[in-house]
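A short worksheet on the structure shown next.
The values are calculated or read from the model by the stated rules, or taken from the named source; none is laboratory data. If you're wondering where the values come from, they're calculated on a predicted model, not measured in any experiment. Glycine gets a Cβ as well: all are built from the backbone with ideal geometry, and neighbour counts include every protein chain shown.
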Amino acid sequence: MTATTLQRAFCLIHPRREAAARCTSCGSPFCRECVTELDGRMVCGACYKAKTQIKEKPKRDWFILTTAVQAVMGLAGLWFTFWLLGQVLVSIPSDFHEGKIWEKMHFRRQ
Ligand SMILES: [Zn+2]
Ligand SMILES: [Zn+2]
């Protein structure tokens with residue numbers, strides 16, 4: 001009973017083709033063309049893609065990349081803050097130097 005149903009399973013992508021193997025990942029029946037061997041296991045195209053994509057992009061690389069980007073962004077932000085502070089400090093003390101502070105210094109020296 002179960003043997004006949006298993007034998008009469010058809011490929012999920014090719015409904016007219018009889019299934020040759022079942023995907024070890026999702027369990028769906030597929031024909032020989034649709035299954036690929038991955039680490040000694042038969043998997044369908046979708047599962048193969050999903051598994052290889054995870055392998056190609058490990059989380060560590062993303063972590064390093066995001067940390068690097070965050071570091072650069074942080075440095076850029078710090079630099080911008082310091083640049084802004086510098087601009088403010090350069091524009092304001094010029095009035096102080098030419099004005100009150102130097103006058104006071106001269107007064108004190110004399
Ligand atoms: Zn699958
Ligand atoms: Zn197929």
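If the condition is being outside any loop (DSSP other than H, G, I, E, B) and basic (K, R), then segment 10-39 contributes only R22. The residue that is modelled with the lowest pLDDT, among those in segment 1-22 that are in contact with a Pro (Cβ under 8 Å, 6 or more places away or on another chain) and of a type outside the set (K, R), is A9.
Applying the condition of being within 10 Å of ligand 1 (Cβ to nearest atom) and within 32 Å of the chain's Cα centre (by Cα) to segment 10-35 and asking which residue is surrounded by the fewest Cβ atoms within 10 Å (Cβ to Cβ) yields G27.
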